[in-house]
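Worksheet: one structure, shown below.
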Amino acid sequence: MNINHAVNTNEFSFWYGQFQALNKLTFTIAAHKITSLIGPSGCGKSTYLKCLNRINERGTEVSHEGSIQIFGEDIYHPQVALPELRKQVGMVFQKPNPLPLSIYENIIFGARTHLKNVKNSVLDEMVETSLHRVGLWNDLKGQLNRPALSLSLEKQQRLCIARLLPLKPKLLLLDEPCSALDPAGIEAIEILIKDLKKDYSILIVTHSMNQAKRVSDETIFMYMGELVEMGETASLFNSPKVPRTAAYIEGRFG
């Protein structure tokens, strides 16, 4: 296992029923870096993201070929336990989705679900540590019983990230995490994402070319379920090697 690799994707294809959403993807995603997935709507970005914790299998007939390894573990091996995989690979969605519970109960929800016989003192520490990590502790430490849904959208999204942290994930998946936010909220979440890469490997789907340029170390451009180009972000945007990449980032389609 190469500890510098968070994800190794090899000849990976994926189908919803008869519809092929991904076609023979092969690339490596670096550990402790931010990688952006860009491409027009319907190109397979979110499908690939959901393959990484296999949440797109719920109630849907799906199939795949090829392999995906996360930190050296084949996530499609028959013996993989999906609850364990989803502890290791946390996901944040476009619209903040805090549970209709208190701030405190949101943070420890995963711990209560996955961990047994956790002491209240440990749960308290999880809440404080997680809120510190996303920059909310000072604002919310006296309001932990407040309904999470009463927070601003930006704070709700921070809370959704914090909710993942007690389970100690290795990989964070962010699917358009700023699409519901105003410019100030976008800036705050981007600062948080860049700070989190010290401790986590991060894959972010974004339609914003400027956001990809601001936050990511590497960028993957996908089109019609296929990899078109991948590279260091500045190089890909400044000197794309593939004409289709240049056309997309220049706004000529998509």
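Figures for the structure shown
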item: The stretch 127-146, residues that are not polar (S, T, N, Q) and not in a helix (DSSP H, G or I); result: VAL134, GLY135, LEU136, LYS141, GLY142, LEU144, ARG146
item: Every pair of residues 6+ apart whose Cβ atoms lie under 8 Å, when the first sits in the stretch 111-126 and is outside any helix (DSSP H, G or I) while the second is exposed (fewer than 14 other Cβ atoms within 10 Å of the Cβ); result: VAL118/ARG112
item: Elements of type helices (runs of 4 or more DSSP H) contained in the stretch 163-254, each with 1 or more residues being closer than 29 Å to LEU149 by Cβ; result: 183-196, 209-215
item: Hey, LYS198 loosely packed, with under 15 Cβ neighbours inside 10 Å and touching a residue at least 40 places away in the same chain (Cβ under 8 Å) or not; result: yes
item: Options ARG146, ARG158, ARG214: the member that is of a type outside the set (A, V, I, L, M) and closer than 25 Å to LYS87 by Cβ; result: ARG158
item: Residues satisfying the stated conditions in the stretch 134-166, i.e. touching a residue at least 12 places away in the same chain (Cβ under 8 Å), surrounded by fewer than 19 Cβ atoms within 10 Å (Cβ to Cβ) and not acidic (Asp, Glu); result: GLY135, LYS141, GLN143, LEU144, ASN145, ARG146, PRO147, LEU149, SER152, LEU153
item: Hits in the stretch 55-99 (condition: closer than 18 Å to THR113 by Cβ and in contact with a helix residue (DSSP H, G or I) (Cβ under 6 Å, 6 or more places away or on another chain)); result: LYS87, GLY90, VAL92, PRO98, LEU99
item: Exclusive hit being within 23 Å of ALA6 (Cβ to Cβ) and of a type outside the set (Ser, Thr, Tyr), set LYS168, LYS119, LYS95, LYS155; result: LYS168
item: Qualifying residue in the stretch 173-184 (condition: within 16 Å of HIS32 (Cα to Cα) and of a type in the set (Asp, Glu)); result: no
item: Residue pairs meeting the criteria (Cβ under 8 Å; at least 6 apart or on separate chains; first farther than 19 Å from GLN69 by Cα and at pLDDT below 95, in the stretch 15-30; second in a strand (DSSP E or B) and not basic (Lys, Arg)); result: TYR16/VAL62; GLY17/VAL62
item: Checklist (1) in a loop (DSSP other than H, G, I, E, B); (2) surrounded by fewer than 18 Cβ atoms within 10 Å (Cβ to Cβ); (3) at pLDDT below 95; (4) at negative phi applied to PRO100, failing item; result: (3)
item: Flag if GLY66 is more than 20 Å from the chain's Cα centre (by Cα) and at positive phi; result: yes
item: Residues (assigned to a helix (DSSP H, G or I) and surrounded by fewer than 15 Cβ atoms within 10 Å (Cβ to Cβ)) located in the stretch 65-85; result: LEU82, PRO83, GLU84
item: The listed residue being crowded, with 21+ Cβ neighbours inside 10 Å, at negative phi and in contact (Cβ under 8 Å) with a residue 40 or more places away in the chain, out of ILE249, ILE204; result: ILE204
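The values are calculated or read from the model by the stated rules, or taken from the named source; none is laboratory data. Remember, predicted model here, so these are calculated numbers, not experimental data. Cβ coordinates were reconstructed from backbone atoms using ideal geometry, including for glycine residues, and neighbour counts include every protein chain displayed.
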